[in-house]
1. At what distance in nm do the modelled label points of Glu69 and Lys159 sit from each other, each positioned 7 Å from its Cα along Cα→Cβ?
2. Which order do Ser121, Ser76 take when ranked by solvent-accessible area (1.4 Å probe, heavy atoms of all protein chains), largest first?
Amino acid sequence: MAVQAAEKDGIVLKAVEEEHLNDSLGNPGLISPDKEDLSRLLTVPFSGRIRGGMRPGKKIIVMGIVDLEPDSFDVSLTCGRESDKEGLPQDVALKLTARFSDRQFLRSARVSGKWTEVEASTVYFPFIPDQPFRIEIHCEHQRFRIFVDGHQLFDFYHKVKSLPCIDTVRIQGDLHITKLG
């Protein structure tokens with residue numbers, strides 16, 4: 001399995017293919033990939049480093065297309081990339097789950113190995129199968145503010161208090177990523 005990496009708007013993009021890891025971060029040819037390479041980098045499941053971690057004023061943008069017959073997809077902001085290698089569960093500052101069976105857009109966090117209560121209320125479910133979307137996660141001092149397609153849907157108050165430790169974005173499920181920023 002190959003890992004490919006490139007940096008785009010402060011996020012180090014890494015795509016993992018198949019079952020084996022081969023770190024190619026040192027390959028200077030992948031710093032500014034052409035469109036074909038970039039599409040390979042944005043394969044799901046996706047993991048990318050947030051350079052410098054999160055801080056108030058920073059935002060993460062995920063653009064993609066929902067699969068034709070989706071069950072769900074997740075977008076997570078996590079801490080401690082090194083804990084992956086040790087087999088320890090890393091803290092999850094924010095996990096957004098779009099669940100199509102009951103049209104729920106859920107959010108939760110994991111702190112010290114324990115998941116918080118799932119928050120589920122939204123004004124509407126913004127995702128449509130086979131249609132594009134844009135999720136924006138704005139980091140503020142006390143909370144993340146989540147927008148989908150330009151509409152503010154909800155706030156998620158920080159459970160992980162050390163914002164700079166939030167250094168990874170992970171995306172998985174029934175979607176195709178078209179752009180990250």
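1. Going from the Glu69 label point to the Lys159 one covers 3.3 nm.
2. Ser121, Ser76
The values are calculated or read from the model by the stated rules, or taken from the named source; none is laboratory data. Just so it is clear, the structure is predicted and the values come from calculations on it, not from any experiment. Neighbour counts run over all protein chains shown; Cβ positions are idealised from the backbone, glycine included. Side chains included, ligands, DNA and RNA excluded: accessible areas come from the protein's heavy atoms. Shrake-Rupley method; radii C 1.70, N 1.55, O 1.52, S 1.80 Å.
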